[in-house]
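To start, the structure itself, in structure tokens.
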Amino acid sequence: MTLCTLAALLLALSPAALSPAGLQDDRQADAKADRKRDELIEDLKVIIPRMPEGDRRADLYFQLAELWWEKARYAGLQEVRDHDDAVAKWADKREGEEPKLDTSRSDGYRREAIGLYQEVLDRYPAYERRDEVLFVAGHNLYESGNRDRGIAYYSALIAQYPKSRFVPDAWVQTGEHFFATNDLPRAREAFEKAASFHLPKLYAFALYKLAWCDYNAGAYGAAIAKFKEVIAYSEGEARGDRVQLRQEALKDIVLAYAHVDAIDGAVAYLAEKAGADSVEAIQRLAATYFDDGKFEQAIRVYRILQARAPGHAKAPAWQQKILLAYDKLNRRDQVVTEMNRLVGDYGPQSGWAKANTAEKGALAEARDLAEASLRELVQDYHQEAIKTKSAATYRLARDIYRQYLDTFPQSESTASMRFYYAEILYALEEWDAAAMEYGKVVEADPKGSQAQRAAYNAILALEKAVAIAKGKLKKRELADAAKVEERKDKGHVDRGAGKLRLETVTRDVQPEPIPENEQKLIAACDRYLRLASGAKDEIVIRYKAAFVFYERRHFVDAAKRFGEIILRWPTDSWSQKAAELSLDILNTRQEWQALSDLAQRFLRDSQLCPPGSKFQLETARVAEGARFKYAMQLYEEKKDFALAASEFRAFVARYPKSEYAPKALYDALLIADKGDELDVEIAAGEQLVREYSSADPAIVKLTIPALANACERAGRFPDAVRWYEEAQRRWPSDARAADWLYNAAIWREGVGDDAGALRDWQTWLKQYRSRPDAAKIAFNVGVILERQKDFRRAAEHWSSFHREWAGAATAGQLLLARYKQGLALRELKAPEAATVLADVPQRYARLAEADKAAAPLIDAAAHACFLAVEPSFSDFMAIHFRYLRQADLVYVLKVKNTRIARLLSAYGEVIAVGSPRWSEAAFARIGEAYRNFNKGLLDAPMPRGLDREQQELYRSMLESQALPLEDKAVEAFAKAIAISRTTGVYSEWVVKAQDLLREYQPDAYGDVHRPGFAESAPTRPVAPELTGGP
């Protein structure tokens, strides 16, 4: 390898080329470079011995020393890496001793380099780069920790080579050494020597260090002057080191200003020189004053900042510092003022916040700052108050706590802060306020660490407030100088129940209004019980709340609460007494539901109510009676019928063997009846009859008829019949018995059970024959026999009706009985039927005029008349004209003409009675008779012996005789139909009239509809006009 090649290689591996930025701190690159370095070292070891003595050989020694120094540096890094790896492995298992850093290898390389530096200095005193060797060796020695030897090399350089270009740097390094050891005279001398060279790269720095020497020596004015000189010297420079130095000087000059009374000058200078960073520079001045304990000056500078930049993002922090500064100055009145300013001027709704809406970070920081400031401040005051026991300090802390909670109600510290606030209020004997804040602590976090304690303290505080309100405790007004014992034991809840005085309880005793603070005490007790269920003092707290109700004569609530105590602690000495008191209160107050529920709860507790004990038996009796009375109260007093009915049924289900059960079922039945709840009514009644056969007979006697009536209204007619008959069977002498049996018979008829109805009617007649309506019932028996088509018995019944009921029945009933007897005989084809029916019109004629208007009687009389004419009608219809001899035909014609005149007269009598139906029938028969007469003539055979002309004359004569008959037939049919339209009675005779009329007038009527006809129809008198015969 040639010397030129070696020089080029050495240049490529120089320290600058091997800087961390060039190698990018890559291990592989470092390792590769180190290998190259080793090659160079080996090459130099070979080359140097061959080189002749002189500067060229000295250069190579110098280069070799530098290579060894770089290798030591690389080895040192490698040693640190290896140590880190070893420690990491050791940390996984922690076995054996922790590995230690081994620097033996790098130390050896350094010794090689230092030996070579010294050899160059010793062997080549005339070496032209000897000053550089001294500087490099001094620098490396100093950096490696051999500071004294490094300073010795710097001194040798300065002494031996005062004109060397390395001397100014040597003075700077020497000055840094003595500055670090606080040897200010020697440091000042070194920096002054360095500055004397006026080298641009060193001058400003040397001045900067001289300013610090003055500052450390207490020469603050001189320090300020030199800092200003550095700033002035660096102005306008673009070099990074100059800009940075200027910024450092601007920052450090603040420290010097903080030691002189020159606030205005300092602010003016910083504002001028710091430019855009002036606020930050002035802020550093204020912070320096604050940190140095110069709070008045700090306040003044922060005020200047607020005036200069009121909307600055750091403005809240400045106000916080002002607040803290006044706190340090113990200016408590001003602390409160500044605290209000911090919250008011920089809170979420402040003008500052609105101006910084876009600065979310600044807003959050301001909030956090204010929150932390108030929290730390109030905690300090609280601790001071605890130590000093000063009421004034406690009040100050109280006010700050309140300000904190009003401003930051949702902070992470709110719960604890509110608890401490409540503690201070308690210590200051502000009982109501303390209780309210304790309550808020619990409500905010019922599971919080302080919740149970806060809940208990709230009770204690309210006890005090109640005692003051009752005059049992005097309210104190604490002077500012008073001593407050916050950490004094608050004691325990007073067991007021131990002083229980039995009140004289009556139903008329009215509850007193519960004062607000006592209501809060009850609520506080309940809150604590929800939170601390099972606590050792739970019974005491429960007694406390119960006693408040009792004392204020809210006996129902008191009894319920005493009951809870009894159930939870049945063996407690107070339980039996409280139990009796609770039941007695509710019984006297007639609070039946509450009494029943409480008694039932007592009964479920075998410890309180041992089975078979006197108390258990008495409590069971009370529970049963109270439940029934509660249902009666709903029914009779509150008129809540639906709920009462439900309670009656529930009572029976719970107490089926109770003496009150039948009455409960009956009341449920009555209520359901009023509400038209028929299914419920029926169920209650049937249960009563079925399950309580030995119940009070009066109740049963009321139940069965009511049950029958309900079944009737519900459409359950067979059941209605059964219960009506059962009622009549059990109490046949009852005034209503006849009606019950009557209803049963009627509904048996209604469901088609004629046989059953007949039995009931016959029983009725046997037992209640003397009743005014007996004849009517007897008449109905005949109707049923007719409906059964038992015409023989029906005829016998109607015959006997005249004998048995002639004195009781009306003339109309007797007429109808005769009429029905005739119809039955007619069905039996008995020869006496006509005689019996003939008696009907005669009886009708003898009726009083008022009775004649009855439709059934009119129909009966008309029908009897009609039936009497029927044989004549049949005879008339049987007369025909089928004779060939003229003499015979003339004779028959005269007979038929005579007969039709008689029919018209007879049917006229039917029509005169006034029955629409039988008038329609009479007109229909008249029309049929005329039709028959007409058709007979038209269809008559031609007599024998007539020539053609005679035949035509004969036919013409017959037609002339027949045509008027057709008109009369049409007229009669039309009148039958007209009666239907006039009276609304549409009978089978009208249909027949329509059918026959259609033969003559086909378009007069549409299709005939034949609805089912009632057996009887509404009737009114009809007076038709009858024309004579042909």
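The values are calculated or read from the model by the stated rules, or taken from the named source; none is laboratory data. What you see is a predicted model, and the numbers here were worked out from it, not measured in a lab. Note that each Cβ is placed from the backbone with ideal geometry, even for glycine, and that neighbours are counted across all protein chains shown.
So in the stretch 788-813, with the set limited to residues that are of a type in the set (A, V, I, L, M) and crowded, with 19+ Cβ neighbours inside 10 Å, which one is farthest from Ile777 (Cα to Cα)?
Result: Ala795.
Restricting the first residue to the stretch 872-885 and requiring it to be modelled with pLDDT under 80, which pairs with a second residue that is in a loop (DSSP other than H, G, I, E, B) meet a Cβ separation below 7 Å and a spacing of at least six or different chains?
Leu884/Pro941; Leu884/Pro943; Leu884/Arg944; Arg885/Pro943
Please go through the stretch 280-292 and pick out each residue that is surrounded by fewer than 18 Cβ atoms within 10 Å (Cβ to Cβ) and part of a helix (DSSP H, G or I). Reasoning before the result, please.
Going residue by residue through the stretch 280-292, those that are surrounded by fewer than 18 Cβ atoms within 10 Å (Cβ to Cβ) are 280, 291-292.
Glu280, Asp291, listed by residue number.
What helices (runs of 4 or more DSSP H) completely inside the stretch 298-404 contain at least 2 residues that are β-branched (Val, Ile, Thr)? Walk me through how you get there before you give the answer.
Values: elements: 315-328, 332-346, 351-355, 360-388.
By residue number, 332-346, 360-388.
List pairs: first in the stretch 152-174 and among the β-branched types (Val, Ile, Thr), second assigned to a loop (DSSP other than H, G, I, E, B) and at pLDDT 90 or above, Cβ under 7 Å, 6+ apart or cross-chain?
Val167/Tyr161
Give just the number: which of (1) at pLDDT 90 or above; (2) of a type in the set (Gly, Ala, Ser); (3) within 54 Å of the chain's Cα centre (by Cα) does Ser693 not satisfy?
Single failed check for Ser693: (1).
I want to confirm something. Restricting to the stretch 878-930 and keeping residues that are hydroxyl-bearing (Ser, Thr, Tyr) and in contact with a helix residue (DSSP H, G or I) (Cβ under 7 Å, 6 or more places away or on another chain), which single residue is farthest from Ala969 (Cα to Cα)?
Of the residues in the stretch 878-930, the ones hydroxyl-bearing (Ser, Thr, Tyr) are 883, 891, 898, 905, 907, 915, 919, 930.
Then keep just the ones that are in contact with a helix residue (DSSP H, G or I) (Cβ under 7 Å, 6 or more places away or on another chain); that gives 883, 907, 915, 919, 930.
On the way: Tyr883: 24, Tyr907: 14, Ser915: 21, Ser919: 15, Tyr930: 5 Å.
That would be Tyr883.
What residue, among those in the stretch 135-157 that are hydrophobic (A, V, I, L, M, F, W, C) and surrounded by 20 or more Cβ atoms within 10 Å (Cβ to Cβ), is nearest to the chain's Cα centre (by Cα)?
The residue in question is Leu141.
Quick check on this structure: which one of Ala626, Ala559 is closer than 22 Å to Asp494 by Cβ, among the hydrophobic types (A, V, I, L, M, F, W, C), in contact with a helix residue (DSSP H, G or I) (Cβ under 8 Å, 6 or more places away or on another chain) and buried (at least 17 other Cβ atoms within 10 Å of the Cβ)?
Criteria check complete, one pass: Ala559.
When the residues of the stretch 835-853 are narrowed to those that are of a type in the set (A, V, I, L, M) and surrounded by fewer than 17 Cβ atoms within 10 Å (Cβ to Cβ), which ends up nearest to the chain's Cα centre (by Cα)?
Ala853
Name the one entry in Glu423, Glu437 that is among the acidic types (Asp, Glu), touching an Asp or Glu at 6+ places or on another chain (Cβ under 7 Å) and surrounded by 20 or more Cβ atoms within 10 Å (Cβ to Cβ). Spell out how you get there, then give the answer.
Values: Glu437 fails: touching an Asp or Glu at 6+ places or on another chain (Cβ under 7 Å).
Sole residue among the options that is among the acidic types (Asp, Glu), touching an Asp or Glu at 6+ places or on another chain (Cβ under 7 Å) and surrounded by 20 or more Cβ atoms within 10 Å (Cβ to Cβ): Glu423.
Would you mind stating whether Tyr954 is over 60 Å from the mean Cα position of the chain (by Cα), at pLDDT below 85, under 27 Å from Ser915 (Cβ atoms) and among the hydroxyl-bearing types (Ser, Thr, Tyr)? Steps first, answer last, please.
Values: over 60 Å from the mean Cα position of the chain (by Cα): yes; at pLDDT below 85: yes; under 27 Å from Ser915 (Cβ atoms): no; among the hydroxyl-bearing types (Ser, Thr, Tyr): yes.
So Tyr954 fails the test.
Being surrounded by 12 or more Cβ atoms within 10 Å (Cβ to Cβ), hydroxyl-bearing (Ser, Thr, Tyr) and farther than 20 Å from Arg998 by Cβ is the filter here, so list the residues in the stretch 933-985 that pass it.
Once the filter is applied, which keeps residues that are surrounded by 12 or more Cβ atoms within 10 Å (Cβ to Cβ), hydroxyl-bearing (Ser, Thr, Tyr) and farther than 20 Å from Arg998 by Cβ, the stretch 933-985 yields Tyr954, Thr982, Thr983.
Among the candidates Gly265, Gly311, Gly221, which residue alone is of a type in the set (Gly, Ala, Ser), in contact (Cβ under 8 Å) with a residue 12 or more places away in the chain, closer than 30 Å to Ala195 by Cβ and touching a helix residue (DSSP H, G or I) at 6+ places or on another chain (Cβ under 9 Å)?
Gly221
Evaluate the following for Pro831: is it more than 30 Å from Ser733 (Cβ to Cβ), over 60 Å from the mean Cα position of the chain (by Cα) and part of a loop (DSSP other than H, G, I, E, B)?
yes
Out of Asp773, Asp753, I need the residue that is surrounded by 17 or more Cβ atoms within 10 Å (Cβ to Cβ), of a type outside the set (A, V, I, L, M, F, W, C) and outside the structural domain of Ala811 (by TED's automatic domain parsing). Which one?
Just a single option satisfies the conditions, and that option is Asp753.
Pairs under 6 Å by beta carbon, first residue not in a helix (DSSP H, G or I) in the stretch 515-538, partner not small (Gly, Ala, Ser), six or more apart or different chains?
Note: pairs meeting the criteria are Ala532/Gln452.
Just the residues that are assigned to a helix (DSSP H, G or I), surrounded by fewer than 23 Cβ atoms within 10 Å (Cβ to Cβ) and not acidic (Asp, Glu), please, taken from the stretch 732-746.
Result: Ala737, Ala738, Tyr742, Ile746.
Pairs, please: C-beta under 6 Å, at least 6 apart or cross-chain, first residue within 30 Å of Leu67 (Cα to Cα) and in the stretch 94-108, second surrounded by 10 or more Cβ atoms within 10 Å (Cβ to Cβ) and not acidic (Asp, Glu)?
Pro99/Ala86; Pro99/Val87; Pro99/Trp90; Leu101/His83; Arg105/Ala75; Ser106/Ala72; Ser106/Ala75; Ser106/Gly76
So the check is Cβ under 9 Å with 6+ separation or different chains; which pairs have a first residue in the stretch 892-910 that's more than 11 Å from Ser872 (Cβ to Cβ) and a second one that's part of a helix (DSSP H, G or I) and hydroxyl-bearing (Ser, Thr, Tyr)?
Close Cβ pairs satisfying both conditions: Val910/Ser919.
Quick test of your reading of the structure: Ala922 fulfils all but one of (1) small (Gly, Ala, Ser); (2) under 22 Å from Ala845 (Cβ atoms); (3) surrounded by fewer than 17 Cβ atoms within 10 Å (Cβ to Cβ). Name the failing condition by number.
(3)
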